[in-house]
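Shown next, in structure tokens, is the structure this report addresses.
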Amino acid sequence: MTRLAVPKTYKLYLGGKFPRSESGRVYEIRSHDGEFLANAAKASRKDARDAVVAARSALGGWAGATAYNRGQVLYRIAELLEGRRAQFVTEIVQSEGVSTAAAFAQVDEAIDRWVWYAGWADKYLQVAGNANPVSGPYFNLSVPEPTGVVAIIAPQTGGSLLGLVSAVAPALVSGNTVVVVANEAMPLSAISLGEVLATSDVPGGVVNILTGSPAEMAPWLASHADVNALDLVGAGDLDWIHLEIDAAETLTRVLQPENGPDAASPSLARVLAFTETKTIWHTKGLI
Amino acid sequence: MSFLDYAPAPESQAVLNLRGDYGLFIDGEFVAGRGEPFQSINPATEKQIAMIAHADAADVDAAVAAARRAYDKTWSKLSGSDRGKYLFRIARLVQERARELAVAETLDNGKPIKESRDVDVPLVAAWFFYYAGWADKLDHAGVGPTPSARGVAAQVIPWNFPLLMLAWKIAPALAAGNTVVLKPAETTSLTALLFAEILQQADLPAGVVNIVTGGRDTGKALVGHPGVNLVAFTGSTGAGRAIARSVAGTDKKVILELGGKAANIVFDDAPIDQAIEGIVNGIFFNQGHVCCAGSRLLVQESIHDDVIDRLKARLSTLRLGDPMDKNTDIGAINSAEQLARIRELTDIGEQEGAERWSPDCVLPEAGFWFRPTIFTNVSTSHRIARDEVFGPVLSVLTFRTPAEAIAKANNTPYGLSAGIWTEKGSRMLAVADKLRAGVIWANTFNRFDPASPFGGYKESGYGREGGRHGLAAYLKPAAGRAAARTVTAAPAASIAPAVASPAAEKTPVSRKKAAK
């Protein structure tokens, strides 16, 4: 007799916990060939707003951690993901219908991307900041700082895990906290990634993962006054120009949609997109 | 037992599992040396810890050949991200075995366990972690696009921070894509050999790092070897001068971290309690065996007596003794040779008329010990104000104006570091501008971080270790740029074989090893 499997309930990842949607709504997730996989939570406006509150509360601790510490935590995510490759491969094969080899390649790429961004945590500032030779007896130094809470619409095409990681990791490097709307049709690896984050020293609230409808949630996040930056990388099929207009109300920083296989490809620019440059002047006494 | 006495709190040595004798680490294996093995002793007890192999010129030759093979066949063909992954592994293994390494370091070097445990070893891990992240980001290192490695690096390190100096050398070298032959100091080989075991655990390809133990002859054979492309040395200015002379006319890149005689300048508006702690940390940290130690205290005249009184009171509470005790502040001097030099220079200090003071503390019978010592009434011409003592000895001088402080601070052939104590930011920055030293600490002292470049002006050497700048010496700018700057090298320089370009960023690498 074959053993009967125990399926997992996929919920949201908010403030370090795994709640259901407060709305009680779910939607069916089916495999590539139509088989029922799970009922994913369909996050509501309140869930999205709770996620922003959680991200805001976590900001001080994450942005205030040393760069070395942040780098180690991001690297820890890679370590834990490496140990759970098989689980992610299974989920990806089921939901995306790709070959096992392709799924492994995607997971490995996601792991390597965490490692790559982990290394930037204590370096981006050395590359993007600098001393400025102002004319006068002044010490003058420009340093990038995290911009704050970043709301992300994860890529809706391509690899579901890799797309999410590619969008979330660069925002975390400098110390921002994140609210991310996962791939709508294939959200399972996103919630499993939440389980990895929850056990890899990432403080609760630093990453908040919403599943459900990006079309529904994006306007709420775009117009939210406590969101500092909006990454529309996966919003190409939405009315993203209106989202950008909504974001303009509080001058939220916006990254426009990217399409194709190179969407959210690793770059220092993605790290710096979510930073503010602060320039410090200090007088030098005359001796 | 006075209120200052503590019950003994020795760190357990049970975490250590040492062998009776250690070989050289060449091509991924421990091998016997051809020279006469020597003993490594615990400077706190003078008892033997282990016998260490002595590499002669033929051993050095084998190590350089192994490093060259590893460079040509393996390391230069790996992607930057795979080099980085090896360095991350090393960082994690150091973290995992941190306590063991700290105990071994204290046993072999004589430094207090609280320093090896809380400073040396955590920094070692941090150094590997930091440079691991650079390995696949070298385009951003500041030497132009697509830089390449130099090849085989010869690295010679001192005994004051044995494992930390190893990390300063090896981490950036490997991140930049070089392979390494490293020679630890004769009196402190132990942690380098434990580190070799860590490299085996990390499955680092054979020959990428080779460790040759031995004496001065070993070091000389290594830096003079025609097969090395780069020499990185930390040690005395005398030895650094000899190395600079010996590589003249070759195309070997050189980094030298040499001696220092740092001024620690205390203005009358300094936060005085912090300053006292900083002065003590500046010169008595690691028994003063620190090239950047704040060995010249420059105190503004108006607060001189107050500072000296407070210093004496603070020094009287320092605990000198068993380095393995968790409460020990001052451990053992690393060797009889170094103790003799400290004694000689302090005797000269007295003869030249400076006033000597040490707290009253009992020295253990066995081992090498020296009481923390302050000299007052020191003038700039005294030997103890000019020569690097490299021991727990502070020379106190005074000044009246900032200009005088700057003149006195710069009145040395060295230029490694300096300290400034003042609550006034504008004064601090103005003084820092005028100091000819590579590291300036303001209202702190002896801070080290892998993200922060370290290195000296003048006769304290050249090149920087740490930070983005610490990669520069280990990288060769892309050919187009280099050609414009290269002068025709002397014929002797062409002995080193041409190095292959490690540009093969896309070489597929088996995941078998990475997935272990």
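Of the residues B:ASP203, B:ASP217, the single one that is touching a residue at least 24 places away in the same chain (Cβ under 8 Å) and in a helix (DSSP H, G or I) is B:ASP217. Flag: A:LEU193 matches the condition of being buried (at least 23 other Cβ atoms within 10 Å of the Cβ), over 23 Å from A:ALA273 (Cα atoms) and at pLDDT 95 or above.
For the stretch B:399-434, the set of residues classified as closer than 29 Å to B:TRP159 by Cβ and part of a strand (DSSP E or B) consists of B:SER417, B:ALA418, B:GLY419, listed by residue number.
Scanning the stretch B:384-419 for residues that are of a type outside the set (Phe, Trp, Tyr) and touching a His at 6+ places or on another chain (Cβ under 6 Å) yields one hit, B:THR398. Total residues in the stretch A:130-144 satisfying the condition of being under 26 Å from A:LEU272 (Cα atoms) and out of contact with any Lys or Arg (no Cβ under 8 Å at 6 or more places or on another chain): the figure is 7. In the stretch A:252-266, of all residues being loosely packed, with under 13 Cβ neighbours inside 10 Å and touching a residue at least 24 places away in the same chain (Cβ under 8 Å), the one that is farthest from the other protein chains (Cβ to nearest Cβ) corresponds to A:PRO261. Among the residues of the stretch A:87-128, those identified as within 22 Å of the chain's Cα centre (by Cα), of a type in the set (Val, Ile, Thr) and under 26 Å from B:ARG468 (Cα atoms) are A:ILE111, A:VAL115.
Of the residues making up the stretch B:312-338, those that are in a loop (DSSP other than H, G, I, E, B), among the hydrophobic types (A, V, I, L, M, F, W, C) and either without any contact (Cβ under 8 Å) to a residue 60 or more places away in the chain or closer than 13 Å to B:PRO364 by Cα (or both) number 3. Scanning the stretch A:16-74 for residues that are within 19 Å of the chain's Cα centre (by Cα) and within 14 Å of chain B (Cβ to nearest Cβ) returns A:ALA67, A:ASN69, A:ARG70, A:GLY71, A:GLN72, A:VAL73, A:LEU74. Any residue at all in the stretch B:87-96 that is surrounded by fewer than 22 Cβ atoms within 10 Å (Cβ to Cβ), assigned by TED's automatic domain parsing to the domain that holds B:ALA192 and polar (S, T, N, Q)? The answer is yes, given that some residue of the stretch B:87-96 is surrounded by fewer than 22 Cβ atoms within 10 Å (Cβ to Cβ), assigned by TED's automatic domain parsing to the domain that holds B:ALA192 and polar (S, T, N, Q). Looking only at the stretch B:118-160, which residues are away from chain A (no Cβ under 14 Å), in contact with a Gly (Cβ under 6 Å, 6 or more places away or on another chain) and more than 25 Å from B:LEU193 (Cα to Cα)? B:ALA149, the sole residue that qualifies. For the residues B:ALA232, B:ALA244, the requirement of being crowded, with 22+ Cβ neighbours inside 10 Å and either of a type outside the set (Val, Ile, Thr) or more than 26 Å from B:ALA32 (Cα to Cα) (or both) singles out B:ALA232. For the stretch A:130-157, the set of residues classified as surrounded by 17 or more Cβ atoms within 10 Å (Cβ to Cβ) and away from chain B (no Cβ under 11 Å) consists of A:PRO144, A:PRO146, A:THR147, A:GLY148, A:VAL149, A:VAL150, A:ALA151, A:ILE152, A:ILE153, A:ALA154, A:PRO155, A:GLN156, listed by residue number. For the subset of the stretch B:441-463 comprising residues that are within 25 Å of B:ILE170 (Cα to Cα) and without any contact (Cβ under 8 Å) to a residue 60 or more places away in the chain, which member is farthest from the other protein chains (Cβ to nearest Cβ)? Filtering first and then ranking leaves B:LYS458.
Among the residues making up the stretch A:75-99, those that are away from chain B (no Cβ under 11 Å) and in contact with a helix residue (DSSP H, G or I) (Cβ under 6 Å, 6 or more places away or on another chain) are A:ILE77, A:LEU80, A:LEU81, A:PHE88, A:VAL89, A:GLU91, A:ILE92, A:VAL93, A:SER95. Among the residues of the stretch B:409-419, none qualifies, meaning not one is within 24 Å of A:LEU141 (Cα to Cα) and within 12 Å of chain A (Cβ to nearest Cβ).
Being more than 14 Å from chain A (Cβ to nearest Cβ) and assigned to a helix (DSSP H, G or I) is the requirement here; does B:ARG99 meet it? The answer is yes for B:ARG99. Are any residues in the stretch B:192-231 among the small types (Gly, Ala, Ser), over 21 Å from the mean Cα position of the chain (by Cα) and farther than 19 Å from B:ALA65 by Cα, and if so, which ones? Once the filter is applied, which keeps residues that are among the small types (Gly, Ala, Ser), over 21 Å from the mean Cα position of the chain (by Cα) and farther than 19 Å from B:ALA65 by Cα, the stretch B:192-231 yields only B:ALA202. Quick one: would you say A:TRP220 is on the phi < 0 side of the Ramachandran plot, aromatic (Phe, Trp, Tyr), outside any helix (DSSP H, G or I) and modelled with pLDDT of 95 or more? The answer is no for A:TRP220. Scan the stretch B:160-175 and give yes if some residue there is modelled with pLDDT of 95 or more, more than 17 Å from the chain's Cα centre (by Cα), under 19 Å from B:PHE233 (Cα atoms) and crowded, with 24+ Cβ neighbours inside 10 Å, otherwise no. Yes. Could you go through the stretch B:57-67 and let me know if any residue there is in a strand (DSSP E or B) and away from chain A (no Cβ under 14 Å). Scanning the stretch B:57-67 turns up no residue that is in a strand (DSSP E or B) and away from chain A (no Cβ under 14 Å).
For the stretch A:234-251, the set of residues classified as in a loop (DSSP other than H, G, I, E, B) and either free of Cβ contacts under 8 Å to residues at least 40 places away in the same chain or surrounded by fewer than 23 Cβ atoms within 10 Å (Cβ to Cβ) (or both) consists of A:GLY236, A:ASP237, A:LEU238, A:ASP239, A:GLU249, A:THR250, A:LEU251, listed by residue number.
Output the residue which, of all residues in the stretch B:394-441 that are of a type in the set (S, T, N, Q) and under 22 Å from B:PHE285 (Cβ atoms), is surrounded by the fewest Cβ atoms within 10 Å (Cβ to Cβ). For the stretch B:394-441, the residue satisfying everything is B:THR422.
Scanning the stretch B:101-152 for residues that are among the charged types (D, E, K, R) and in contact with a Pro (Cβ under 8 Å, 6 or more places away or on another chain) gives B:GLU105, B:ASP108, B:LYS111, B:ASP139. Taking B:VAL396, is it hydrophobic (A, V, I, L, M, F, W, C), away from chain A (no Cβ under 14 Å) and either in contact (Cβ under 8 Å) with a residue 40 or more places away in the chain or part of a helix (DSSP H, G or I) (or both)? For B:VAL396, the condition - hydrophobic (A, V, I, L, M, F, W, C), away from chain A (no Cβ under 14 Å) and either in contact (Cβ under 8 Å) with a residue 40 or more places away in the chain or part of a helix (DSSP H, G or I) (or both) - is met. Of everything in the stretch B:359-383 that is of a type outside the set (A, V, I, L, M, F, W, C) and in contact (Cβ under 8 Å) with a residue 40 or more places away in the chain, the residue that is farthest from B:LEU311 (Cα to Cα) is B:GLY367. Only residues that are crowded, with 23+ Cβ neighbours inside 10 Å and either more than 29 Å from A:GLN72 (Cα to Cα) or in contact with a strand residue (DSSP E or B) (Cβ under 8 Å, 6 or more places away or on another chain) (or both): list them for the stretch B:54-86, please. Result: B:ALA55, B:ASP59, B:VAL60, B:ALA63, B:VAL64, B:ALA66, B:ALA67, B:ALA70, B:TYR71, B:TRP75.
The values are calculated or read from the model by the stated rules, or taken from the named source; none is laboratory data. Values in this document were obtained by computation on a predicted structure and should not be read as measured data. Using ideal geometry, Cβ is built from the backbone for each residue, glycine included, and neighbour counts are taken over all protein chains shown.
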